[in-house]
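See structure below.
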Amino acid sequence: MNPYMRLAIEEARKAFEKDEVPVGAVIIKNNKVISAAFNLRETMKSATAHAEIVAIEAACKFLQSWHLDGCDIYVTLEPCIMCAGAIINARIRSLYFGAFDPKAGACGSVTDVFVLNELNHRVDVYGGIMEDECAGLLKDFFRLKRTGK
């Protein structure tokens, strides 16, 4: 069990409780959590309030820099194209994600922006971390939405 992904799952559970799609993210630097966030699209009425974006903004504020060099991000769901771009632009070192997203994933499921040689920054990507637990939370959320149970 990965302790940082466990924290991201805790963030995703907070989203679930707020009736948000349960995606959580944490950013680590020097083995310390510098930001933790969850999906807030419904709450903020914002298309860009994905867990990764909220976490990146908080980490930038914490470090007083848009350069997140030496930082790693743990996310419960494979990032979309927007979030993948933000991860690259923030200069994050490594991405660890849980569940694959066959409808919007930008780490290989639909497309893979991280393999584009023309980009000026490389991110190490590791998928499937605690995948069953991350996917289960999403499945439970959408089942509840469909059936009310």
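The values are calculated or read from the model by the stated rules, or taken from the named source; none is laboratory data. Not measured: the values here are computed from a predicted model. All Cβ positions, glycine included, derive from the backbone under ideal geometry; neighbour counts span all protein chains shown. These area figures cover heavy atoms from the full protein model, side chains too; ligands, DNA and RNA do not enter into them. Shrake-Rupley method; radii C 1.70, N 1.55, O 1.52, S 1.80 Å.
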- Task: Kindly write out, for the stretch 126-140 in residue order, the coupling ³J(HN,Hα) from the Karplus curve 6.51 cos²θ - 1.76 cosθ + 1.60 (θ = phi - 60°), rounded to whole Hz, with x marking Gly and Pro.
- Result: 10, x, x, 6, 6, 4, 4, 5, 5, 5, x, 5, 5, 4, 4
- So what's the projected area for the chain, the Cα convex hull averaged over all directions, in nm²? 8.5 nm²
- Query: Roughly what would the spin-label model give for residue 82 and residue 139, points 7 Å off Cα along C-beta, in nm?
  - Reply: 2.7 nm
- Enter the accessible area per residue of the chain (Å², integer; probe 1.4 Å; all protein chains in place). 53 Å²
- Query: By a straight-distance test (C-alpha under 17 Å), which aspartates and glutamates pair with residue 149 as possible cross-link partners, with residues fewer than eight away in the same chain excluded?
  - Reply: 17, 19, 20, 140
- Message: I'd like the carbon and sulfur percentage of the solvent accessible area for the stretch 28-141, probe radius 1.4 Å, heavy atoms only, ligands and nucleic acids excluded.
- Response: 53 percent
- Residue among 21, 54, 33 with the largest mean-square fluctuation in a Gaussian network model of the chain, springs linking Cα atoms under 10 Å: 33
- Item | Candidate aspartates and glutamates for bridging to residue 32, where Cα separation is under 15 Å - those fewer than 8 sequence places away on the same chain excluded | 69, 72
- Message: I want to check the label-to-label distance for residue 149 and residue 119. Put each point 7 Å from Cα in the C-beta direction and report it in nm to one decimal.
- Response: 4.3 nm
- Note on the structure: Checking 100, 114, 62 against a Gaussian network model of the chain (alpha-carbon springs below 10 Å), the top fluctuating residue turns out to be 62
- Approximate spin-label separation residue 47-residue 32, in nm, with each point projected 7 Å along Cα-to-Cβ: 3.8 nm
- Message: Cut-off under 25 Å on the C-alpha distance; same-chain residues fewer than 8 positions from residue 29 excluded. Which lysines are left, in chain and number order?
- Response: 14, 61
- Query: Roughly how many debye, to the nearest 20, is the charge dipole of the chain about its Cα centre, given +1 on each Lys and Arg Cβ, -1 on each Asp and Glu Cβ, and no other charges?
  - Reply: 360 debye
